[in-house]
Every structure is written in structure tokens, then in C-alpha cells.
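J.: I'd like to ask some things about the structure below.
The values are calculated or read from the model by the stated rules, or taken from the named source; none is laboratory data. Remember, predicted model here, so these are calculated numbers, not experimental data. All Cβ positions, even for glycine, are placed from backbone atoms using ideal geometry, and neighbour counts span all protein chains on display. Accessible surface areas use protein heavy atoms only, side chains included; no ligands, DNA or RNA. Shrake-Rupley method; radii C 1.70, N 1.55, O 1.52, S 1.80 Å.
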Amino acid sequence: FTEHQQKFVDIYSRYCNNHSSALAEYTILNQHMVYTIFFESCRLLKDMESIPLDGYLLKPVQRICQYQLQLKELLKYTSPSHPDYAKVKEAECIMSSVASTVNERKRRTENINKPALWQSSI
């Protein structure tokens, strides 16, 4: 976590900012039987769980918060005298910062896109 903080921010920010449009595109494609069959065939070929593709698209968004919560929980059960306590604490702080930064970037992107969407609807 500590070595890759900026990569987490960049990758997750980009993913979260594009998540809505990817989901909208998936919804449009899934209305056509050929794509529905294609998505289901891919799932079956890879022996994946019976979760629709949009469920998989949501997983990275959920992971941002899960990493932070899991580290917070680990920290709760790690003794301050443990040799890894400082590293776990640092990782928890970093993931908290990553989550905040990703949320802020997402909010800014949405605010930038709102006027454009409004103009295109007129």
C-alpha cells in the first residue's frame, strides 16, 4: 500500500469516474440478445460465479472501502507493540486517503459533467 499509493489513486479514480458510463453501455448492450448470450458464454467459459457482469463492474468500486475497513479491523486486533503495527497503521491511513481522494475526484468529475449533460438535454 505504502509504495503504490499514487497508483491506487490514479487507477481507482479513473475506474470510478468511468464506472457510470461503463454501466450505461453494458445496460444498452445487454438489451440485445447477441450480447446477453456473449456475456453469459464468457462467464460460463471461465467458470465464474453466477453474478451478472454489472456486479463484477461494481466490485472494484466496493474494494476501495473494503481495503480501508479491513485494515482498520486488523489494526484493532494488532497490539501497538507488534512489529507490524506501524506499517498496518500507515497502510490504513493511506487507504483512507485513497478513498477520500477517489471520492473527491469522482465528485469533481460529476460536477464538471453536469453542465454538459444539461446542455445536451436542451
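J.: Name every residue in region 26-53 that is assigned to a loop (DSSP other than H, G, I, E, B) and either surrounded by 10 or more Cβ atoms within 10 Å (Cβ to Cβ) or not hydroxyl-bearing (Ser, Thr, Tyr) (or both), in order of residue number.
T.: Across region 26-53, the qualifying residues are Asn30, Gln31, His32, Lys46, Asp47, Met48, Glu49, Ile51, Pro52.
J.: At pLDDT 90 or above, among the acidic types (Asp, Glu) and either touching an Asp or Glu at 6+ places or on another chain (Cβ under 9 Å) or within 22 Å of Ser100 (Cβ to Cβ) (or both) - does that describe any residue in region 4-19?
T.: So far as region 4-19 goes, no, none of its residues is at pLDDT 90 or above, among the acidic types (Asp, Glu) and either touching an Asp or Glu at 6+ places or on another chain (Cβ under 9 Å) or within 22 Å of Ser100 (Cβ to Cβ) (or both).
J.: So if I check each of Ile37, Ile11, which one is over 22 Å from the mean Cα position of the chain (by Cα) and hydrophobic (A, V, I, L, M, F, W, C)? Give the steps one after another, and end with the answer.
T.: On the way: Ile11 fails: over 22 Å from the mean Cα position of the chain (by Cα).
Unique residue meeting the criteria: Ile37.
J.: Mind checking which residues of region 59-72 are hydrophobic (A, V, I, L, M, F, W, C) and either more than 12 Å from Asn17 (Cβ to Cβ) or in contact (Cβ under 8 Å) with a residue 60 or more places away in the chain (or both)?
T.: Matches in region 59-72: Ile64, Cys65, Leu69, Leu71.
J.: Condition check: more than 20 Å from the chain's Cα centre (by Cα) and within 23 Å of Tyr12 (Cβ to Cβ). Does Glu110 satisfy that?
T.: So Glu110 fails the test.
J.: With Lys72, Lys114, Lys87 as the choices, which residue is among the basic types (Lys, Arg), at pLDDT below 85 and either open to solvent by less than 50 Å² (accessible area, probe 1.4 Å) or out of contact with any Pro (no Cβ under 7 Å at 6 or more places or on another chain) (or both)?
T.: Checking each option against the conditions leaves just Lys114.
J.: A follow-up question, please. Note down all Cβ pairs under 6 Å where the first residue falls in region 27-45 and is over 14 Å from Tyr56 (Cβ atoms), the second is in a loop (DSSP other than H, G, I, E, B), and they're at least six residues apart or on different chains.
T.: Within 6 Å, the pairs are Thr36/Asn30.
J.: Scan (1) within 17 Å of the chain's Cα centre (by Cα); (2) surrounded by 14 or more Cβ atoms within 10 Å (Cβ to Cβ) for the single condition Gln62 breaks and write down its number.
T.: (2)
J.: Within region 73-102, count every residue that is without any contact (Cβ under 8 Å) to a residue 24 or more places away in the chain and assigned to a helix (DSSP H, G or I).
T.: 10
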